[in-house]
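Before any comments, here is the structure.
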Amino acid sequence: MRNKRGQEVFGMSFGVIFSIFLIIFFIVIAFIAIKAFLSTQQCAKIEIFKKDLQYDIDKAWNSQDYSSEFKRNLPSSLQYVCFANVSGSITATGVEKGIGEEIQIYGEENNMFYYPLEKSCDTPDNKIKHLNTGEITKIKNPYCIRINKGIISFRIEKGFNDVLVKIR
């Protein structure tokens with residue numbers, strides 16, 4: 001009787017305690033895997049947005065005259081997509097001025113930024129080709145478009161005599 005009691009803790013055998021430990025271990029691993037999968041999904045949305053935007057801008061650039069609505073999903077953790085002329089001076093006010101000050105650390109070749117920078121899956125700055133950044137940021141630099149409930153919408157335009165594409 002004494003040996004049996006020495007093997008039990010609180011009336012449970014080693015096998016039951018080990019089984020409970022394994023169940024807890026597998027539940028924790030499952031939560032870690034789900035969190036990693038959801039994080040990968042958010043980063044995939046950002047990359048898909050960038051590729052779709054470049055595709056539509058290339059399509060506009062190759063057209064003589066083009067105007068189209070661009071509407072896509074982005075992670076709800078992002079608040080703005082900004083187009084900026086990093087080599088130019090900051091002319092925006094309010095929140096956009098603060099964003100402009102933060103993005104000035106990035107290279108002059110980059111013209112599109114996600115904000116907040118830390119929520120952008122390590123790709124806060126991007127180079128979008130064939131974009132008329134000078135025209136887009138003529139009034140406000142950076143020109144930021146608010147993401148509303150994970151959806152962003154703006155117009156991609158190129159006039160008959162335009163060489164580069166504009167965003168409105």
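The values are calculated or read from the model by the stated rules, or taken from the named source; none is laboratory data. What you see is a predicted model; the values in this text were computed from it and never measured. Virtual Cβ from ideal backbone geometry, glycine too; neighbours counted across all protein chains shown. Ligands, DNA and RNA are stripped out before the accessible areas are found, and what is left, the full protein with its side chains, is counted by its heavy atoms. Shrake-Rupley method; radii C 1.70, N 1.55, O 1.52, S 1.80 Å.
Please go through the range 1-110 and write out the chymotrypsin sites (Phe, Trp or Tyr not before Pro) that DSSP classes as loop and that have at most 12 other C-beta atoms within 10 Å. Don't skip to the answer; put the middle values down first.
Working: sites: Phe10, Phe14, Phe18, Phe21, Phe25, Phe26, Phe31, Phe37, Phe49, Tyr55, Trp61, Tyr66, Phe70, Tyr80, Phe83, Tyr106; in loops: Phe10, Tyr106.
Of the chymotrypsin sites (Phe, Trp or Tyr not before Pro), the ones in loops of the range 1-110 whose Cβ has at most 12 other Cβ atoms within 10 Å are Phe10.
Calculate how many DSSP beta bridges within the chain are antiparallel, expressed in % of all such bridges and rounded to the nearest 5.
Values: 22 of 23 bridges.
Rounded to the nearest five, the antiparallel share is 95 percent.
Report the calculated FRET efficiency for Lys127 and Ile23 (r = Cβ-Cβ distance, R0 = 45 Å), to the nearest 0.05.
Working: r = 49 Å, r/R0 = 1.09.
FRET efficiency, Lys127 to Ile23: 0.35.
Share of Cα-Cα pairs in the chain beyond 26 Å, in percent?
Values: 6131 of 14028 pairs.
Value for the chain (Cα pairs over 26 Å): 44 percent.
Enumerate by residue number the GluC sites (Glu not before Pro) in the range 41-140 meeting two conditions: DSSP loop (anything except H, G, I, E, B), and at most 13 other Cβ atoms within 10 Å of the site's Cβ. Walk me through the numbers on the way to the answer.
On the way: sites: Glu47, Glu69, Glu96, Glu101, Glu102, Glu108, Glu109, Glu118, Glu135; in loops: Glu108, Glu109.
Those that pass, being in a loop and sparsely packed, are Glu108, Glu109.
Within 10 Å of each candidate Cβ there may be at most 11 other Cβ atoms; applying that plus a DSSP loop requirement, which trypsin sites (Lys or Arg not before Pro) in the range 70-117 survive? List each step's numbers first, then the result.
Working: sites: Lys71, Arg72, Lys97; in loops: none.
Listed in order of number, the matching sites amount to none.
Roughly how many Å² is the accessible area per residue of the range 69-122, as a whole number, for a 1.4 Å probe?
That works out to 50 Å² for each residue.
With unit charges on the beta carbon (Lys/Arg positive, Asp/Glu negative), name the residue among Tyr80, Gly159, Ser63 whose Cα is farthest towards the positive pole of the charge dipole of the chain.
Tyr80
Please go through the residue pairs Lys59/Lys140; Lys51/Lys149; Lys59/Lys97; Lys45/Lys71 and name each one whose alpha carbons sit more than 24 Å apart in this structure. Let's see the in-between values first.
Working: Lys59/Lys140 26 Å; Lys51/Lys149 21 Å; Lys59/Lys97 31 Å; Lys45/Lys71 13 Å.
From the list (Lys59/Lys140; Lys51/Lys149; Lys59/Lys97; Lys45/Lys71), the Cα-Cα distance tops 24 Å for Lys59/Lys140; Lys59/Lys97.
How big is the dipole moment of the chain about its Cα centre under a simple scheme where the beta carbon of each Lys and Arg is +1, that of each Asp and Glu is -1, and everything else is neutral? Debye, nearest 20, please.
Numbers: 22 positive and 18 negative charges, 164 e Å.
Its charge dipole is roughly 780 debye.
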